[in-house]
1. What pairs come out if I take residues in the stretch 34-52 that are on the phi > 0 side of the Ramachandran plot and pair them with residues that are of a type in the set (S, T, N, Q) and crowded, with 22+ Cβ neighbours inside 10 Å whose C-beta lies under 9 Å away, six or more apart or interchain?
2. I'd like the full set of residues that are over 28 Å from Leu53 (Cβ atoms) and not in a loop (DSSP other than H, G, I, E, B), limited to the stretch 178-194.
3. Got a sec? Which helices (runs of 4 or more DSSP H) wholly within the stretch 1-104 have at least 1 residues that are within 19 Å of His257 (Cβ to Cβ) and either under 15 Å from the mean Cα position of the chain (by Cα) or not β-branched (Val, Ile, Thr) (or both)?
4. Got a number for residues in the stretch 85-103 being free of Cβ contacts under 8 Å to residues at least 60 places away in the same chain, surrounded by fewer than 20 Cβ atoms within 10 Å (Cβ to Cβ) and touching a helix residue (DSSP H, G or I) at 6+ places or on another chain (Cβ under 7 Å)?
5. Could you tell me how many of the residues in the stretch 105-124 are part of a loop (DSSP other than H, G, I, E, B) and touching a residue at least 24 places away in the same chain (Cβ under 8 Å)?
6. Hey, Glu258 hits all of (1) closer than 15 Å to Ala50 by Cβ; (2) in a helix (DSSP H, G or I); (3) free of Cβ contacts under 8 Å to residues at least 12 places away in the same chain; (4) not β-branched (Val, Ile, Thr) but one; which does it fall short on?
7. Residues Ser161, Ser171: which one is out of contact with any strand residue (DSSP E or B) (no Cβ under 9 Å at 6 or more places or on another chain), hydroxyl-bearing (Ser, Thr, Tyr) and either part of a loop (DSSP other than H, G, I, E, B) or modelled with pLDDT of 95 or more (or both)?
Amino acid sequence: MNGTAIRVNQLLNPQTGKAVIVAFDHGGSGVPPGGGDVSGILAAVAESRAEGLLVGPGVARQAGRYFARPGAPRLIVSMDAPIFSSMCGEHGKIRDHARIATAEHLMMLGATAAKVLLPVGYEGTEIFTKGVELVRSCAMECQALGLPLMVEPALWGVKASEKDNALIEHSARMSVELGADILKIPAPTDTAVLERIVRNAGVPVMTLGGAPRDAEGFAADMQAWMSTGVAGVVVGRNVWSRPNPAGAVDALVGAVHENNPEAVAAGWAAAGEPAA
């Protein structure tokens with residue numbers, strides 16, 4: 001078993017083979033709503049029952065004081081940042097993405113895995129081709145060091161939609177072909193499509209949480225996702241934008257590891273409302 005396989009398994013709960021990962025890599029273009037207290041969020045997630053925390057390299061530098069202990073969540077660190085505008089804090093359709101770290105640098109930061117975007121839906125092929133080359137170069141670097149690479153097909157271009165099930169399936173396959181060791185994907189609305197992706201990917205597939213939403217709807221989605229055999233969830237604003245992030249993680253743990261999707265609805269209420 002090589003280093004990549006060992007580190008992938010380190011991200012998964014040994015009892016269930018699944019993971020709850022908190023995504024807090026949203027600061028690459030500015031301060032996200034509810035995400036300004038970096039040290040407070042790091043401290044809360046470090047003491048939670050999450051298997052992992054996804055952050056950018058700058059925040060990863062601050063994480064050592066919270067995560068350098070036995071049993072702490074593992075760090076996954078981004079190798080790139082999305083470009084939405086030339087003005088920090090502006091969002092919308094993606095315009096580009098830029099490399100911000102090397103695999104060697106992430107190993108120095110204590111990463112158990114790396115993450116990179118595969119932006120999809122640009123108007124032209126030139127910028128998409130550059131993005132494909134970025135993903136592949138990241139994958140080659142990571143493979144050389146035994147560092148797993150999580151690839152996220154980002155359906156954020158003007159021609160793409162996260163509700164396009166066929167596009168999710170195509171972009172998941174492309175991500176695997178480019179070297180993904182873990183997939184982080186928007187969940188198709190058709191569970192049959194998600195089942196097919198999980199069955200055919202050959203790597204762990206995790207669904208992303210998306211924007212904050214009502215507890216009942218999210219609980220129902222969680223139940224549907226877990227029934228397909230996904231390896232877990234990567235949830236951001238639905239966790240750290242709430243007053244009690246650790247309580248939100250507990251809710252996800254109940255759904256992912258304890259087969260109790262109702263825990264999400266109850267846990268969301270206990271964790272408080274997300275920031276607007």
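The values are calculated or read from the model by the stated rules, or taken from the named source; none is laboratory data. Owing to the predicted nature of the structure, the values given are computational and were not obtained by experimental measurement. Here the Cβ is made from the backbone with ideal geometry for all residues, glycine too, and neighbour counts use every protein chain on show.
1. Gly34/Ser241
2. Matches in the stretch 178-194: Ala192, Val193.
3. The qualifying helices (runs of 4 or more DSSP H) are 3-10, 38-46.
4. 4
5. The number of residues fulfilling the criteria is 7.
6. (2)
7. Every option except Ser161 fails the conditions.
Quick grid of which residues meet (1) part of a loop (DSSP other than H, G, I, E, B); (2) surrounded by 24 or more Cβ atoms within 10 Å (Cβ to Cβ); (3) without any contact (Cβ under 8 Å) to a residue 24 or more places away in the chain:
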residue: Arg213; (1), (2), (3): yes, no, no
residue: Met226; (1), (2), (3): no, no, no
residue: Asn238; (1), (2), (3): no, yes, no
residue: Ala246; (1), (2), (3): no, no, no
